[in-house]
Each structure stands twice: as structure tokens, then as C-alpha cells.
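Here the structure comes first, spelled out in C-alpha cells, and everything after it is commentary.
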Amino acid sequence: MFRKFTKRLIDGKSTTVENHTPSETVIDTISSEEPASGLDLEQFMVADHRHCDELWAMVEAAVEAQDGIGVAVQVFTEDFERHLQREEEVIFPAFEDATGMHGVGPTMMMRHEHEQMRAVIAVMLQAHRAGDDQQLLSQGDTLLMLTQQHNMKEEQILYPMANQAIGGQWPELQERM
Ligand SMILES: [Fe+2]
């Protein structure tokens, strides 16, 4: 995790982190890495859910410590959005093509729920920019409730179906993520 933060600091991708290096104590509370290769579609996407959960825990830890909040929020929101895009741009279209379920079925519902999550994240970012940590955490609780239910549907229903329908294409799909 620390390497990942350091890399982002060095890459200079961030505007919020330049003046603030989070303490190692905050970073040490989370050991969160990108899902490893060698996983199948279902395992990889479940691991990506856990990765996002851990990044949210890191935001909570940063608020608690009043240290590194900007970096934690940025890494969380970036990786969370990337997870949504992995589904919307790669997994869902392949699944819809393979099953013929365009505009209907589980991916339709999941896309709708992603929009609900993005709306909460937008409010969360507003609160963060205003320096309102309590509102940030409270929006985080709302997001957590949405994601827990959403992730359960994906992990118990959609990912196993996708693994069956498009598991054979996984190596090429993973390349595109
Ligand atoms: Fe999703």
C-alpha cells in the first residue's frame, strides 16, 4: 500500500496529495493491493470488491487520525470508479453479448445501482472539499449500505453467471481492464 501511495505521489497525478504525505501509521492499517493475476473472472472481481472495501476503511482511518485524508479519499474514489468501469465497459458488455440480455436482466439493474453510488460519491466529495469530515463519513455509511447489497448480488448471482457465460474470454477481457 505504501508503495502504491508513494508511486502516486511521484507520478504527480494528484493535486490533493502534494502538500501532504500521509503517515505510515495510517497506511500500515491497510494492506490493500490490486487483485493478483492468476485469478478467474469471479475471483478477480470479488477481490476487487475487497480492495475497494479496504480503501474505504483507509479513509475512515485517515479521518480518525486526521492525517492523509486527501490521499485516502482520492485513492478510494479513483479505484472505486475503476471497478465500476471494469464492469460497465468490459464485463457487462461481454456478458450481454454472450447472453443476448441487452437492456434487460441483471446488468441493467447493476448499471442503475452504479449511478446511485456515483451520486453518493459526488456528495461525499463535496463534503470532503468543504472539509466536513462528519458528512464525508456519513455519506460513506450510505455508500457502504448500497455497495454491500449490490456486491452481494454480483458475487452470488452475476459473477458466477458471467464466469459461465464468458469465463473463456477472461484472459482477453482482463487485458482490457
Ligand atoms: Fe457493480
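Within 10 Å, Cβ to Cβ, of E154, how many net charges do the neighbouring residues add up to if Lys/Arg are +1 and Asp/Glu are -1? Mind showing how you got there, number by number?
Values: positive: K153; negative: E42, E87, E113, E155.
Net local charge, E154 excluded: -3.
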Exercise. Among residues other than A57 whose Cβ falls under 12 Å from its Cβ, what is the net charge (Lys/Arg +1, Asp/Glu -1)?
Worked result: -3
Exercise. For M177 and R118, what is the calculated FRET efficiency with R₀ set at 22 Å and r taken between the beta-carbons, to the nearest 0.05?
Worked result: 0.70
For this session: Add +1 for every Lys or Arg and -1 for every Asp or Glu among the other residues with Cβ under 14 Å from the Cβ of L125, and state the total.
Result: -2
Seminar exercise, completed: Given unit charges at Cβ for Lys, Arg (+) and Asp, Glu (-), the dipole magnitude of region 88-177 about its Cα centre in debye, nearest 20, is 120 debye
For this session: Restrict the search to region 38-110; then list the trypsin sites (Lys or Arg not before Pro) that DSSP places in a loop and that have at most 14 other Cβ atoms within 10 Å of their Cβ.
Result: none
Exercise. Taking the Cβ-Cβ separation of Q43 and E89 as r and a Förster radius of 22 Å, what is the calculated FRET efficiency to the nearest 0.05?
Worked result: 0.65
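Values in this text are rule-based calculations from the coordinates and carry no lab data. These figures come from a predicted structure and were not determined experimentally. Heads up, the Cβs are rebuilt from the backbone with ideal geometry, glycines too, and the neighbour counts pull from every protein chain shown.
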